[in-house]
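Remarks on the structure that follows.
Every read-out reported here was derived from the displayed coordinates using simple, explicitly stated rules and does not represent laboratory data. It should be emphasised that the depicted structure is a prediction, and the values quoted were computed from it without experimental measurement. A quick note on method: Cβ atoms are made from the backbone with ideal geometry, for glycine too, and the neighbour counts reach across all protein chains shown.
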């Protein structure tokens, strides 16, 4: 059995296989459409303001004609540690540096999801607190070399090996750290389109 909105498509503007899988696991089919943008934000933005800005920026790349009567979903996730935003690492050295600074400390994962429907934008936000145990250099190197986390904010996936052996505490939404605050996404879609039909 799956859920659907018979009169509206959901356009997911993300190349992340994790986000697409989350929608499938919620029973909702999506159409993937990605428009490349330069993900640059004003330097005065802090913490949750950054993904909120970027999620709306991604939505602005789509015209009303692109969206039609569909719901466009755009999102962004950052890791926030000691007043610094950590996005996706560009290379091995940057990934190792990110994990070295997160080792033995607590950080926040912020996600914003922007829903564009009939010319109106609706934003939902999620914040999760994550604590790493102290990681050895060998553990960090092993993870980066074998898992190549270059598509992940903060250079790690909580669902992967490093999350299994290195995370001692999490406060908030686990799925948010994986890549999408699913409960809030589903609740927001219900607010916009109503309860989906079953088939």
Practice item. Counting residues in the range 1-95 as N, plug N into 2.2 N^0.38 Å and put the Cα Rg over that result. Key: 1.25
Practice item. Indicate the gyration tensor shape class of the range 64-165 (rounded, prolate or oblate), computed on the Cα atoms with a ≥ b ≥ c the square roots of the eigenvalues: a/c under 1.5 is rounded; otherwise a/b larger than b/c is prolate and the rest oblate. Key: prolate
Check your understanding: If packing is taken as the mean number of other Cβ atoms within 10 Å per residue, what is the order of 56-65, 146-155, 100-109, 177-186, highest first?
Key -> 177-186, 146-155, 100-109, 56-65
**Study point:** Using alpha carbons only: equivalent-ellipsoid semi-axes of the range 42-121, gyration tensor based, whole Å
**Key:** 31, 13, 10
Practice item. If a/c stays under 1.5 just call it rounded; otherwise compare a/b with b/c (prolate if a/b is bigger, oblate if not). Do that for the range 143-188, with a ≥ b ≥ c from the square roots of the Cα gyration tensor eigenvalues. Key: oblate
Practice item. Convert 25 °C to kelvin, take the viscosity as 0.890 mPa s, use the Kirkwood radius over C-alpha pairs of the range 113-169 as Rh, and evaluate the Stokes-Einstein diffusion coefficient in µm²/s, rounded to a whole number. Key: 180 µm²/s
Review point. Percent relative contact order of the range 86-199, based on C-alpha pairs within less than 8 angstrom and at least six residues apart?
Key: 32 percent
Revision key, fill the gap. Dividing the mean separation of Cα pairs under 8 Å (6+ apart) by the residue count of the range 3-198 yields a relative contact order in percent of 22 percent
Review point. Once the principal axes of the Cα atoms of the chain are found, what is the range along each, listed largest first in whole angstroms?
Key: 53, 40, 26
